[in-house]
Amino acid sequence: MKRILITGSWGMLGKDLVRKLNYKIFTPNKKKLNLFNFTDTKKYIKKNKINFVIHCAAKVGGIQDNVNHQLEYLVENLNLNKNIIMASHENGVKNFLNIGSSCIYPKNIKKKITENLMFKGDFEPTNEGYAISKYLSIKLCKFISQKEGYNYKTLIPTNLYGPNDKYDKEKSHLLAAIIKKISDAKKTKNKYVEIWGDGKARREFMYVSDLSDAILFSIKNFNRLPNILNIGTGIDYTVEAYYKKVAKIIYPKVKFYFNRKKPSGMRRKLLDVSKSKKLGWSSKVSLTNGIKKTLKDYKKYYEN
């Protein structure tokens, strides 16, 4: 019988995942399990006889927050990742699913990013701290998996959006920030909204329930998974296009201007998802439907 610990179960991905898993699951909050304390983490895994870990917990944020707090993103995620991975290993947990991030791939790759490009270039400077912490978590999983009987694998999801995201102009990810900015502009009858950079950088976004479905698929097909697997839509758009798609739904009259003093980040970051498709998984939620569902969640908490 699987006894699954989900770290980060109170975050955007964790909440969606918990709804779908039909296993004996453990979803401790920060008070019940402090992942920054190695001894406590090790004791929790042993006490609850955990035999499968899904590691979703992370300190996350948007581009500006990453730029402003590189040290915090590196150190906090480094400690958190090391503790849960090593505590699981030392307790003899054989199966571990690590949720990585596409930001760990080398910067400025113009073609679709395949899994074999991992560790083969410099990180994008705007989120280098976060990327290094994720990089090291994958290395830890790789080394543990070299031991007989241990399967510590990593999914590399593209950028996420959806219900329970952070709607904050400084700390949120792109799509959540766009929804917040355009909703605020409509509320205040402001006709103009700022876009950082030149708007030409391309990004891939996936609705959060697609990733939780991919995790469920991974649990059921764990032995078939490679050690590193991309999870995404295989489709990208420019930043400006995302603004226009959200505006069409929320506030069609709004106009945009570009602040080229602000960072644009990587010019393109599109995952090659051919391996996951070959295994039998692909994303299902379209961008338009995903935005509408996310907007419904935003209105529920911020406009009532």
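The values are calculated or read from the model by the stated rules, or taken from the named source; none is laboratory data. Keep in mind it's a predicted model, so treat the numbers as computed, not measured. Positions of Cβ are backbone-derived with ideal geometry, glycine not excepted, and every protein chain shown enters the neighbour counts. Please note that ligands, DNA and RNA were not included when accessible areas were found on the heavy atoms of the full protein model with its side chains. Shrake-Rupley method; radii C 1.70, N 1.55, O 1.52, S 1.80 Å.
Spot the failing condition for Gly92; the list is (1) open to solvent by 50 Å² or more (accessible area, probe 1.4 Å); (2) at positive phi, and only one is missed.
Going through the list (1) open to solvent by 50 Å² or more (accessible area, probe 1.4 Å); (2) at positive phi, Gly92 breaks only (1).
What is the residue count in the range 1-43 for residues that are hydroxyl-bearing (Ser, Thr, Tyr) and under 28 Å from Lys293 (Cβ atoms)? Write out each step before concluding.
Keep residues of the range 1-43 that are hydroxyl-bearing (Ser, Thr, Tyr), which gives 7, 9, 23, 27, 39, 41.
Those left that are additionally under 28 Å from Lys293 (Cβ atoms): 7, 9, 23, 27.
Count: 4.
Looking at (1) more than 13 Å from the chain's Cα centre (by Cα); (2) in contact (Cβ under 8 Å) with a residue 60 or more places away in the chain, find the lone condition where Gln146 falls short.
Among (1) more than 13 Å from the chain's Cα centre (by Cα); (2) in contact (Cβ under 8 Å) with a residue 60 or more places away in the chain, the lone unmet condition for Gln146 is (2).
If you check Gly280, Gly199, which single one turns out to be on the phi > 0 side of the Ramachandran plot, in contact with a strand residue (DSSP E or B) (Cβ under 7 Å, 6 or more places away or on another chain) and open to solvent by less than 70 Å² (accessible area, probe 1.4 Å)? Working first, answer last.
Values: Gly280 fails: in contact with a strand residue (DSSP E or B) (Cβ under 7 Å, 6 or more places away or on another chain).
Of Gly280, Gly199, the one residue that is on the phi > 0 side of the Ramachandran plot, in contact with a strand residue (DSSP E or B) (Cβ under 7 Å, 6 or more places away or on another chain) and open to solvent by less than 70 Å² (accessible area, probe 1.4 Å) is Gly199.
Hey, could you check the range 202-242 for residues that are among the small types (Gly, Ala, Ser), open to solvent by less than 10 Å² (accessible area, probe 1.4 Å) and in contact with an Asp or Glu (Cβ under 9 Å, 6 or more places away or on another chain) and say which is farthest from Val254 (Cα to Cα)?
The initial filter retains those residues of the range 202-242 that are among the small types (Gly, Ala, Ser), namely 209, 212, 214, 218, 232, 234, 241.
Of the ones still in play, those that are also open to solvent by less than 10 Å² (accessible area, probe 1.4 Å) are 212, 214, 218, 232.
Retained after the next criterion (residues that are in contact with an Asp or Glu (Cβ under 9 Å, 6 or more places away or on another chain)): 212, 232.
Details: Ser212: 34, Gly232: 30 Å.
Taking the candidates together, the pick is Ser212.
Under 8 Å between Cβ atoms, at least 6 apart or on separate chains: pull out the pairs that start in the range 107-122 with a residue that is closer than 16 Å to Ile228 by Cα and end on any residue that is modelled with pLDDT of 85 or more and open to solvent by 90 Å² or more (accessible area, probe 1.4 Å).
Short answer, once both residue conditions are applied: Glu115/Lys275.
So for the range 188-197 (the condition being more than 22 Å from the chain's Cα centre (by Cα), within 30 Å of Phe143 (Cα to Cα) and not aromatic (Phe, Trp, Tyr)), does at least one residue qualify? Talk me through it step by step, then tell me what you get.
Applying the first criterion (more than 22 Å from the chain's Cα centre (by Cα)) to the range 188-197 yields 188-195, 197.
Still in the list and also within 30 Å of Phe143 (Cα to Cα): none.
No, the conditions are met nowhere in the range 188-197.
May I ask you to verify whether Lys244 is at pLDDT below 95 and out of contact with any helix residue (DSSP H, G or I) (no Cβ under 7 Å at 6 or more places or on another chain)?
Numbers: at pLDDT below 95: no; out of contact with any helix residue (DSSP H, G or I) (no Cβ under 7 Å at 6 or more places or on another chain): yes.
So Lys244 does not fit the description; no.
Residues Asn34, Asn98, Asn79: which one is modelled with pLDDT of 95 or more and either assigned to a strand (DSSP E or B) or under 21 Å from Gly232 (Cα atoms) (or both)?
Details: Asn34 fails: either assigned to a strand (DSSP E or B) or under 21 Å from Gly232 (Cα atoms) (or both); Asn79 fails: either assigned to a strand (DSSP E or B) or under 21 Å from Gly232 (Cα atoms) (or both).
Unique residue meeting the criteria: Asn98.
The rows are residues; the columns are (1) open to solvent by less than 10 Å² (accessible area, probe 1.4 Å); (2) over 30 Å from Gly265 (Cβ atoms); (3) hydroxyl-bearing (Ser, Thr, Tyr).
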{"residue": "Ile4", "(1), (2), (3)": "yes, yes, no"}
{"residue": "Asp16", "(1), (2), (3)": "no, no, no"}
{"residue": "Arg19", "(1), (2), (3)": "no, yes, no"}
{"residue": "Tyr23", "(1), (2), (3)": "no, yes, yes"}
{"residue": "Lys32", "(1), (2), (3)": "no, yes, no"}
{"residue": "Asp65", "(1), (2), (3)": "no, no, no"}
{"residue": "Ser88", "(1), (2), (3)": "yes, yes, yes"}
{"residue": "Asn98", "(1), (2), (3)": "yes, no, no"}
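Could you look through the range 187-203, keep only residues that are among the charged types (D, E, K, R) and either at pLDDT 95 or above or in a strand (DSSP E or B) (or both), and pick out the one that is nearest to Tyr152 (Cα to Cα)?
Within the range 187-203, the first condition is being among the charged types (D, E, K, R), and the residues that meet it are 187, 189, 191, 194, 198, 200, 202-203.
Among the residues that remain, those that are also either at pLDDT 95 or above or in a strand (DSSP E or B) (or both) are: 194, 202-203.
Values: Glu194: 42, Arg202: 31, Arg203: 28 Å.
Looking at the filtered set, the residue picked out is Arg203.
This table checks each residue for (1) among the small types (Gly, Ala, Ser); (2) surrounded by fewer than 23 Cβ atoms within 10 Å (Cβ to Cβ); (3) in a loop (DSSP other than H, G, I, E, B).
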| position | (1), (2), (3) |
| --- | --- |
| Asn116 | no, yes, no |
| Lys120 | no, yes, yes |
| Phe123 | no, yes, yes |
| Ser137 | yes, no, no |
| Ile144 | no, yes, no |
| Lys147 | no, yes, yes |
| Lys153 | no, yes, no |
| Pro163 | no, yes, yes |
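Testing Lys255 on (1) open to solvent by less than 60 Å² (accessible area, probe 1.4 Å); (2) over 17 Å from Asp165 (Cα atoms), one condition comes back false. Which one is that?
The one condition Lys255 does not meet is (1).
For residues in the range 283-298 being assigned to a helix (DSSP H, G or I) and of a type in the set (A, V, I, L, M, F, W, C), which is surrounded by the most Cβ atoms within 10 Å (Cβ to Cβ)? Lay out the reasoning, then the answer.
Filtering the range 283-298 down to residues assigned to a helix (DSSP H, G or I) leaves 287-298.
After this cut, where a residue has to be of a type in the set (A, V, I, L, M, F, W, C) as well, the list is 287, 291, 295.
Values: Leu287: 19, Ile291: 24, Leu295: 18.
Here the answer is Ile291.
Of the residues Met86, Met1, which is closer than 21 Å to Asn151 by Cα, part of a loop (DSSP other than H, G, I, E, B) and aliphatic (A, V, I, L, M)? Don't jump to the end; show me each part of the working.
On the way: Met86 fails: part of a loop (DSSP other than H, G, I, E, B).
So the residue among Met86, Met1 that is closer than 21 Å to Asn151 by Cα, part of a loop (DSSP other than H, G, I, E, B) and aliphatic (A, V, I, L, M) is Met1.
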